[in-house]
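Notes to accompany the following structure.
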Amino acid sequence: MSSRLPLLALGALAVMTVSACGQGAAGQAKIPPAADGPAPAPSSSAPAPDRGVDPCALLGPQDRSTAGINVLGVAKEINGARACDWTVPATFGVTITVDERNGLTDLEVARKTATKTKVGGRDALKVADKKAADGTCAVLLGMGEKASVQIDVSNTNFTDTPLACERAVKVAGLAEPKLP
């Protein structure tokens, strides 16, 4: 299938399932560098600030409240990209993925599921398969020519795609001002 949405939705579902089971550790303590050597390599689940945009930092407490998210994010890695997952039990999940290798035009998205839009002043795509009506939606934000940020929303009951898109657009609008 040429659309990444089903893969992304499955990835988001897998992330939500893992985080719902209590796996992963958000907020791991940093190990201070030794005085005589380089700092230890950061773990893939706790991105270092010098690696670019931290997806978990894109939604602060006020943003989460505005979006109806009452849980903390869990840092993840999806296909080599840093991500953060918020799972609101019995309601919906949001995953924000920062892809620093693929710009908006590099992403494979089926034209029939994507709608060009703007979030803030940034080019974006809203991706939802209305025929599938599976309660999933993504907003893909351009971040320069070779990077993008993807906001995936999955409703827990996998119904109400318009509501999933409403949530994805709201989260994208909250995260966008924090992007470089």
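The values are calculated or read from the model by the stated rules, or taken from the named source; none is laboratory data. Computed from a predicted model, the values in this text were never measured in an experiment. All Cβ positions, even for glycine, are placed from backbone atoms using ideal geometry, and neighbour counts span all protein chains on display. Keep in mind that these areas ignore ligands, DNA and RNA; they rest on the heavy atoms of the full protein, side chains included. Shrake-Rupley method; radii C 1.70, N 1.55, O 1.52, S 1.80 Å.
Looking across Glu145, Glu166, one residue alone is acidic (Asp, Glu) and farther than 22 Å from Glu108 by Cβ. It is Glu166.
Conditions tested, residue by residue: (1) among the β-branched types (Val, Ile, Thr); (2) within 18 Å of Val139 (Cα to Cα); (3) in contact (Cβ under 8 Å) with a residue 12 or more places away in the chain.
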{"position": "Arg82", "(1), (2), (3)": "no, yes, yes"}
{"position": "Ala90", "(1), (2), (3)": "no, no, yes"}
{"position": "Ile96", "(1), (2), (3)": "yes, yes, yes"}
{"position": "Glu100", "(1), (2), (3)": "no, yes, yes"}
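Would you be able to tell me the number of residues in the stretch 77-118 that are on the phi > 0 side of the Ramachandran plot and not hydrophobic (A, V, I, L, M, F, W, C)? So the answer is 2. Consider Asp134 carefully, then state whether it is farther than 17 Å from Ala81 by Cβ and part of a loop (DSSP other than H, G, I, E, B). Yes. The residue list Val149, Val153 contains one member that is farther than 18 Å from Lys116 by Cβ, touching a residue at least 40 places away in the same chain (Cβ under 8 Å) and in a strand (DSSP E or B), which is Val153. Within the stretch 130-141, not a single residue is touching a residue at least 40 places away in the same chain (Cβ under 8 Å), open to solvent by 10 Å² or more (accessible area, probe 1.4 Å) and in contact with a Gly (Cβ under 7 Å, 6 or more places away or on another chain). One residue alone among Leu174, Leu140 is in contact with a Ser or Thr (Cβ under 7 Å, 6 or more places away or on another chain), in a strand (DSSP E or B) and not hydroxyl-bearing (Ser, Thr, Tyr), and that residue is Leu140.
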